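Enquirer: Please find one structure pasted underneath; my questions will follow.
The values are calculated or read from the model by the stated rules, or taken from the named source; none is laboratory data. The structure displayed is predicted, hence computed values, not measured ones. Methodologically, a virtual Cβ is constructed for each residue, glycine included, from the backbone with ideal geometry; neighbour enumeration extends over all protein chains shown.
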C-alpha cells in the first residue's frame, strides 16, 4: 500500500509537481531520454509527454509517479 509519506517527493504545497525523474520516459523506452534521466527536448516536448495534462487528481499523479519509480528501481 502506498502511504502519504511515499508520495511526498512529488507534492509541493499539497499539489502534485513533476520532479523530472525520467520514470515515465523509461517506462516508454523514450529514445530522447539522456544519460542523466532528463528529456533532451523538454522545452519542446509533445503534448502527449506533458504529465500535467493527464486527467488525474494531484494525489493520483503522485501515486502513479511513485509506482513508476518503484517499478524502474526493481527492474535494474
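Enquirer: When you go through (1) at pLDDT below 75; (2) surrounded by 13 or more Cβ atoms within 10 Å (Cβ to Cβ); (3) more than 10 Å from the chain's Cα centre (by Cα) one by one for residue 76, which number turns out not to apply?
Expert: (2)
Enquirer: Output the residues belonging to the stretch 7-24 that are buried (at least 16 other Cβ atoms within 10 Å of the Cβ) and touching a residue at least 24 places away in the same chain (Cβ under 8 Å).
Expert: 7, 10, 11, 16, 21, 23, 24
Enquirer: Follow-up question, since we're still on this one. Being modelled with pLDDT of 80 or more and either on the phi > 0 side of the Ramachandran plot or not in a helix (DSSP H, G or I) (or both): is that true of residue 55 here? Spell out the reasoning first.
Expert: Working: modelled with pLDDT of 80 or more: no; either on the phi > 0 side of the Ramachandran plot or not in a helix (DSSP H, G or I) (or both): yes.
No.
Enquirer: Looking only at residues that are modelled with pLDDT of 75 or more and in a helix (DSSP H, G or I) in the stretch 18-48, which one is nearest to residue 6 (Cα to Cα)?
Expert: If we take residues in the stretch 18-48 being modelled with pLDDT of 75 or more and in a helix (DSSP H, G or I), then 23 is nearest to residue 6 (Cα to Cα).
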